[in-house]
1. Please enumerate, by chain and number, the lysines with C-alpha under 29 Å from the C-alpha of LYS77, excluding those fewer than 8 residues away in the same chain.
2. Which three extents, in angstrom, do the Cα atoms of the chain have along their principal axes, listed largest first?
3. Of ARG207, ARG23, which has the most accessible area and how do the rest follow, probe 1.4 Å?
4. Roughly how many Å² of ILE250 are accessible to a 1.4 Å probe, to the nearest 10?
5. Rounded to the nearest 500, what is the 222 nm mean residue ellipticity of the chain from helices alone, with -39500 (n - 2.57) per DSSP H run of 4+ residues and division by all residues?
6. Give me the one-decimal nm value for the distance between modelled label points at ASN297 and LYS460, 7 Å along each residue's Cα-to-Cβ direction.
7. On a 1.4 Å probe surface of the protein chains, which of HIS44, HIS489 comes out largest in accessible area, and what is the full order?
8. ASP259: accessible area at probe 1.4 Å, nearest 10 Å²?
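The values are calculated or read from the model by the stated rules, or taken from the named source; none is laboratory data. Just so we're clear, the structure is a prediction, and the values are computed from it rather than from any experiment. When we count neighbours, we look across all protein chains shown, and the Cβ atoms used for this are built from the backbone with ideal geometry, even at glycine. Keep in mind that these areas ignore ligands, DNA and RNA; they rest on the heavy atoms of the full protein, side chains included. Shrake-Rupley method; radii C 1.70, N 1.55, O 1.52, S 1.80 Å.
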Amino acid sequence: MTDAVPTPPATLVIFGATGDLTRRLLIPAIINLTRSGLVGDDLHILGIGIDQGDDEMLRGKLDDFLAGLGGDQPLSKDEAWLRLRKRISYLAGDFTKDEIYGEIGKRLNGNAAFYLAVPPRFFGEIVERLAANKLTTEGENCFRRIAIEKPFGTDLASAKALNAQILSKVAESQVYRLDHFLGKETVQNLMTARFANMMIEALWNNRYIDNVQITAAEIVDVGSRGAFYDATGALRDMVPNHLFQLLAMIAMEPPNSFDAEAIRNEKSKVLKALRVYTPEEAKTHGVRGVYTAGKLNGADITAYHDTPQVAPGSKTETFVALKLYADTWRWAGVPFYLRTGKAMTARDTEIVVTFQPVPFAQFRETEVNRRLPPNRLIIQVQPDEGMSMEISIKSPGLSVDTVPVSLDFRYADQFDIGKMTGYESLIYDLMIGDQTLFQRADGIEAGWAAVQPFLDLWAKEGEPEAYAPGTMGPACADELIERDNRHWHDIGAIAKKT
Ligand code: BG6
């Protein structure tokens, strides 16, 4: 890829400037970009929020928050922050009323990106009001872009409606739908791992791969997010977005260039190839769980059902496991097992590609013959970012005894990956106009189409199966995969080794 160049002069307008996302992720990421010189003094930030106050109010709130980051060298004293701080201004107002848009217009001169760090119910309305006030009109040397956080819709119908509402006002080339998983270094490395390595890509199909497992396990419980989570659940929160982005990177065909549209075409194609199950098939291809009260790493975990703002008798799942197929030439017959959950045994986001067993084992007379483990490629997305390749070798000695060993690469051993938030590349790409890491309307809709049968089915069913905190999820998840004579990869296995 080419060397990164500084972003052009522009204003980043953040709706929801006093919120959590802005202070926790956006501002620290922009500080990192400022420090590295990729964002210069010609980037201005205009915060919009409902809280009364002026520029100093917002700057002061951010100072207070940043004082708690960075340990002995608080981020609030960081030279890059002190430079950026001066270029932050604030407008108080209600973004569901037209007045504020007139005010925003007066402050803009040239390039602007509007970042919607607000609850999803406002996405469509803000875009409509921006357009009505001509703030989204681009000129020959003037871009106007809109960045939209997840969740993008709550099902297929609402995602389609939101896309239609937005695209009736602005062009797809102006819309940057974020999925923060795409900001993670190891996720971006997936394409390099595949398309820069013949020994990986040559085997990357149903002739050599037996199954793919994609896991995003979290230790955290729902905690104070009860209101949001109870209306959302593990499936909507993680699968059509984060896990499908990983799946798309693993399963897409090689793009004919590293151009954003070429890559997004291939990702959308494979998402559209995900099998959409009938209601009957959905029953046997997906399972749900909900965590009970218990202990996790010595701490007490409140049962999901006793979490503040969770509705009595809630049927929301905190764990989900699916068995999916991408109906393409390359992947015919290869199951993709996906799972994600809260309050699990370890934090572990990983992709495990299990290869077919060797067609013929020469070690017929030995015990090992029956136990020859298949090769596995494990891509560790977080924590301990890296890759491991499990192969069989002969153990030293006179008899022919094979043992599995692991060839391990950990990013941290070879690179200084620093303290990135994961939003740096997303904000940078938004400002330079590279849509590669953003989701296109058709890709989003294809993702929702594949999970819709499960949403429909579970809306009619009872409570999910219980699982204890600190485990790998409910028993039904094991049954889902063991029916196929396969097993889940141990959650946290890589972390235990390092
Ligand atoms: C968010 C979900 O999109 O992703 C959260 O809403 C989840 O529920 C989070 O915890 C996981 O992201 P990460 O980067 O911590 O793995």
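1. Excluding near neighbours in sequence, the set is LYS61, LYS86, LYS184, LYS419.
2. Principal-axis extents of the chain (Cα, largest first): 82, 52, 47 Å.
3. So, going from the largest accessible area down, we get ARG207, ARG23.
4. That residue has around 0 Å² of solvent-accessible surface.
5. The helix contribution divided over the chain gives -9000 deg cm²/dmol.
6. Distance between label points: 4.1 nm.
7. Ranking HIS44, HIS489 by accessible area, largest first, yields HIS44, HIS489.
8. 80
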